[in-house]
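Coordinate-derived values only; no laboratory data. The structure displayed is predicted, hence computed values, not measured ones. All Cβ positions, even for glycine, are placed from backbone atoms using ideal geometry, and neighbour counts span all protein chains on display.
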Ligand code: GAP
């Protein structure tokens, strides 16, 4: 096996996702809708795995974090209090010549709509407007009347749903700081410059924890969460050399943050934010206390009151999705043939194993393969594939990252064994068919 040495580009990943049905441009038959995507079967499976591994680490395996699922459309006062109505903005300029819109703070990296493309403002023909603040929240209306009082927003983050439920959870969940509330769900942002596939989209799925701590302990917990999240991404299989931590400087921080560090990944477009770990201080609980009149504070057993500080690790499934595919994608030459293989960690791989009858029209092989498939599918996502040459079926599974294939062949009919083929090493060994289920359980636990 030899790597072809081709660099992984975003176009390569987009094309694989399209070819294998992970991701489609949304509303395609109507010409699409900029930077919005629909997920096909393998995309849904991959997203489910990312979400459930996150939930397992952040909630199920911890005593100090509980789950929440708040509404997407909240009382608009929430967004006044949180500062999003006034401050969740990007500076925007329009070009009257090429009619494109750019972020005023990213003109250096932008290219305009003319051919050959220029940096906006580079030529005398560029006619840029003054920068103006553009709010990224999507507005909607609640109820039948489109009057001012019914205006509301689609949430741009899940965090605020957590803060406004602080009192409910603190009272009922029998937790005391340090403790956290976890939430995943859709978030919506009217990004001015979306793009780079799923990296910056207008509708995405956030996974956030708001971790409430005594104020003096905030810096310590901030460090803890940066390390914890970095090691989680490594555990998903992302290579160490493609991960780094970068601290925001003061000008870069969001309106609520007193310190933020990004866990960055080396995407094909360069280093970019994978996950943010922010120290939000007491900003949010204080704001909601002032605006709602409900005291969001902690009272310890000796009657001391304080507003907890908040450490927030926040990441989207979409950024992890892209990072995993870029990291796992390999083109290599095996013998005289090229193959594309996704070396995904078995726990994130959409399909855990393929069950392949070598000669599908042989009734003995077909029957045994089908029975094995029926047994395994009750416990894991597995696939039964009987279409085409065995080599082509292996290649198909390699491209979607299936770690193992069990092949039912002539020998199976004699001794009830199957071969198991390893996606990465291509090694094959024989197993009793009755032991396949336990072998797969072990392999998934082991890796
Ligand atoms: N509650 C904090 C918050 O939302 P953020 O840095 O704006 O912080 C958190 O977003 C994470 O959400 C980012 O680290 C990134 O993983 C992801 N993210 C942000 N905007 C995104 C977009 N337009 N498309 C995909 N993912 C996005």
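Table for the structure above
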item: Using alpha-carbon coordinates, inclination of helix 10-19 to the longest axis of the chain, degrees; result: 60 degrees
item: Cα point-scatterer Debye curve for the range 16-164, base-10 log of I(q)/I(0) at q = 0.11, 0.14, 0.17, 0.20 Å⁻¹; result: -0.76, -1.10, -1.19, -1.17
item: GNM result for the chain, Cα springs below 10 Å: residue of 308, 156, 214 fluctuating most strongly; result: 214
item: Rg in Å to one decimal, and Dmax rounded to a whole Å, for the range 207-307 via C-alpha atoms; result: 16.4, 54
item: Degrees between helix 218-235 axis and first principal axis of the chain (Cα, 0 to 90, nearest 10); result: 20 degrees
item: Reduced Cα scattering model of the chain, Debye log10 I(q)/I(0), q = 0.07, 0.11 Å⁻¹; result: -0.45, -0.98
item: Angle in degrees between helix 363-377 and the longest Cα principal axis of the chain, rounded to the nearest 10; result: 30 degrees
item: Stokes-Einstein D in µm²/s, Kirkwood radius over Cα pairs - the range 151-193 at 4 °C with 1.567 mPa s viscosity; result: 105 µm²/s
item: Estimated D of the range 124-179 in µm² per second, where Rh is the Kirkwood radius over Cα pairs and Stokes-Einstein applies at 4 °C, 1.567 mPa s; result: 83 µm²/s
item: Ranked list, fewest to most other Cβ atoms within 10 Å of each Cβ, for 22, 138; result: 138, 22
item: Mean residue ellipticity (222 nm) of the chain, computed from DSSP H runs ≥ 4 via -39,500 (n - 2.57), nearest 500; result: -8500 deg cm²/dmol
item: Three-way shape label, the range 1-92, alpha-carbon gyration tensor, a/c 1.5; result: oblate
item: Taking only Cα atoms of the range 120-230, radius of gyration then Dmax in Å; result: 19.8, 65
item: Ranking of 97, 158 by count of other Cβ atoms within 10 Å, fewest first; result: 97, 158
item: Candidates 237, 367, 143: whichever shows maximal mean-square fluctuation once the chain is modelled as a Gaussian network with Cα springs under 10 Å; result: 143
